[in-house]
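Sharing a structure below in structure tokens format, with a few things to ask.
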Amino acid sequence: MKNRILIDELKNHIDQEVVIGAWVDTRRDQGKMIFFEFRDRTGKVQGVTLPNSAAMEIAKTLRSEWVVAVTGKVNKRPERNVQADKQNGDIELEVLGVEVLNESETPVFDITADTREVGEETRLRHKYLDMRSPRVQNNIRMRAKTAKAIRDFLELEGFIEVETPLLTKSTPEGARDFVVPARLYPGNFYALPQSPQQYKQLLMTGGIEKYFQVAKCLRDEDSRGDRQPEFTQIDLEMSFVDREDVMALNERALIDLVTKLYPEKKIQEIPFPRITYKEAMEKYGNDRPDFRENKEDLNVLAFGWVIDFPFFERTDKSDNPQAEGEWTFTHNPFSAPKPEHMDWLMNRENIGDILTTQYDIILNGYELGGGSIRNHKPERLRKVFEIMGHKPEDIDANFGHMLKAFSLGTPPHGGIAWGFDRLMMLLQNEPNIREVIAFPKTGEGKDPMMDSPSLISDKQLAELNIITKKVEKK
Ligand code: ASP
């Protein structure tokens, strides 16, 4: 739009005639005069159509959420009408002319109030409307700023962002894979990544040394209220480091972020306190204890670390259907044991007592992320899979590429991934991660706006060489 002035800049144009591009936020028709709130991405301003204004006729037709180009004069408000605590509370826009750029049906819900009061299914069906509300706008804008601050910090620390594939290989890594049929190879499937774990380790083999990525992760897990089938991680990996190096870097990153973007928040304790898994279970009964001294204060961030997790636990088939043997990993099959327990791993002794280098970062009772120092030698990684009961031929078929890379000069390395949605939820004081994701799915993994998942055509199925069983439409 030519010569458009943003609403936040109007204060610099007192007594001038300007054009704004905006939505009609609210409208109050007082007969002789009509008052509006106009809204753009930078905020709101009051508009007024004075008696006898040439714009009166068109102003009367405007309704909520219509998109308009308003020509108006920026006037200082008389002293008695100044609202000091409000954006543009000391000015108003005298409406001289209006061009309607698009009309709107009456919005399905009131987006000028806190939309958390509205049924979630309705909001998700019209997510673009929910997004116009100031709270959701702010969540999305702060999310972008946070990602940028993290990128800036990591780049200064010598990291580079590398994209890794979305079409990858199905490997038994923990959760269930989402798979994608490979049309050109009937019967074969790609898997969507549960995390960039293997690729980031292979980047270490590739000499990248310091990698990060704002990465999409996909896990086909049963619906649980606060899980999303796809979510975002701040994922990183570093070479030539030990546990202390990775933990220290993460503390610096989080402190930098909070200081720059959330100065109103207070980090309860620096350096972040540590607790062993055993102590956490004994004292708090869970492995993501809430360290906050005062849980009422929204602005306290009680970060902490949980360390010394057991590497293996007895298999519970109901929890992990892919488990092959008697033992399974608790966190990540690629983790290294603590150095003092390496012999136990290699000799398959005291398996239940082996502790891993895994570290989880916790915040206000949530697990914010986790990572570890990895097994960078092939015989060590192979041993982990042997302990879990994988047959040699399966180890080679599933993880041969990792073992091969590790036999070609892979440096010692370790890393971490933060759940970015969860971090944003906590920083923005939201009750669940859906509030900080632009287009989330429901707790049942559905997208009511796009109506996904959905059936595909017989033609598509035929091309993919897929025969489906008829199922009742849910
Ligand atoms: N890839 C791991 C995860 O998604 C994190 C890590 O170990 O770096 O939990």
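Please determine, by comparing only the residues of the range 391-409 that are out of contact with any Phe, Trp or Tyr (no Cβ under 7 Å at 6 or more places or on another chain) and crowded, with 21+ Cβ neighbours inside 10 Å, which one is farthest from D343 (Cα to Cα).
M402
Could you please let me know if D256 is surrounded by 13 or more Cβ atoms within 10 Å (Cβ to Cβ) and in contact with a helix residue (DSSP H, G or I) (Cβ under 6 Å, 6 or more places away or on another chain)?
Against the criterion (surrounded by 13 or more Cβ atoms within 10 Å (Cβ to Cβ) and in contact with a helix residue (DSSP H, G or I) (Cβ under 6 Å, 6 or more places away or on another chain)), D256 qualifies.
Can you run down the residue pairs with Cβ atoms below 7 Å, 6 or more apart or on separate chains, where the first is in the range 144-171 and among the acidic types (D, E) and the partner is part of a helix (DSSP H, G or I)?
E157/L249; E161/R151
Restricting to the range 249-305, name every residue that is more than 26 Å from I354 (Cα to Cα) and of a type in the set (S, T, Y).
Scanning the range 249-305 gives T259, Y262.
Pull up the range 222-253, narrow it to residues that are closer than 22 Å to A149 by Cβ and among the acidic types (D, E), then point me to the one that is surrounded by the most Cβ atoms within 10 Å (Cβ to Cβ).
Here the answer is E237.
Test each condition in (1) of a type in the set (A, V, I, L, M, F, W, C); (2) more than 22 Å from K11 (Cα to Cα); (3) surrounded by 13 or more Cβ atoms within 10 Å (Cβ to Cβ) for I91 and report the one that comes out false.
Of the numbered conditions (1) of a type in the set (A, V, I, L, M, F, W, C); (2) more than 22 Å from K11 (Cα to Cα); (3) surrounded by 13 or more Cβ atoms within 10 Å (Cβ to Cβ), the odd one out for I91 is (2).
Consider the range 245-304. How many of its residues are closer than 19 Å to G419 by Cα, of a type outside the set (A, V, I, L, M, F, W, C) and in contact with a Leu (Cβ under 7 Å, 6 or more places away or on another chain)?
1
Hey, among G72, G31, which residue is more than 20 Å from D110 (Cβ to Cβ), at pLDDT below 95 and not aromatic (F, W, Y)?
G31
Condition first: under 19 Å from V179 (Cβ atoms) and part of a loop (DSSP other than H, G, I, E, B). Now tell me which residues in the range 447-471 satisfy that.
Residues satisfying the conditions are P453, S454, L455, I456, L464, N465, I466, I467, T468, K469, V471.
Any idea which residue in the range 434-474 is farthest from D220 (Cα to Cα), counting only those that are under 24 Å from the mean Cα position of the chain (by Cα), without any contact (Cβ under 8 Å) to a residue 12 or more places away in the chain and surrounded by 10 or more Cβ atoms within 10 Å (Cβ to Cβ)?
M450
What's the total number of residues in the range 68-99 that are touching an Asp or Glu at 6+ places or on another chain (Cβ under 8 Å), among the small types (G, A, S) and in contact (Cβ under 8 Å) with a residue 40 or more places away in the chain?
Total satisfying the criteria: 2.
Additional query: Enumerate the pairs (first residue in the range 369-387 and more than 16 Å from the ligand (Cβ to nearest atom); second residue anywhere and of a type in the set (G, A, S)) with beta-carbon separation below 6 Å, excluding pairs fewer than 6 apart on the same chain, so at least 6 apart or on different chains.
Sorted first by the residue in the range 369-387, then by its partner, the pairs are P378/S407.
So which helices (runs of 4 or more DSSP H) are wholly in the range 110-221 and hold at least 3 residues that are surrounded by fewer than 15 Cβ atoms within 10 Å (Cβ to Cβ), away from the ligand (no atom under 16 Å from the Cβ) and at pLDDT 95 or above?
134-156
Can you tell me which residues in the range 72-88 are surrounded by fewer than 17 Cβ atoms within 10 Å (Cβ to Cβ), over 35 Å from the mean Cα position of the chain (by Cα) and not in a helix (DSSP H, G or I)?
Correct list: K73, N75, K76, R77, P78, V82, Q83, A84.
The values are calculated or read from the model by the stated rules, or taken from the named source; none is laboratory data. Bear in mind the structure is a predicted one, so any value in this text is a computation, not a measurement. Note that we place each Cβ from the backbone using ideal geometry, even for glycine, and neighbour counts take in every protein chain shown.
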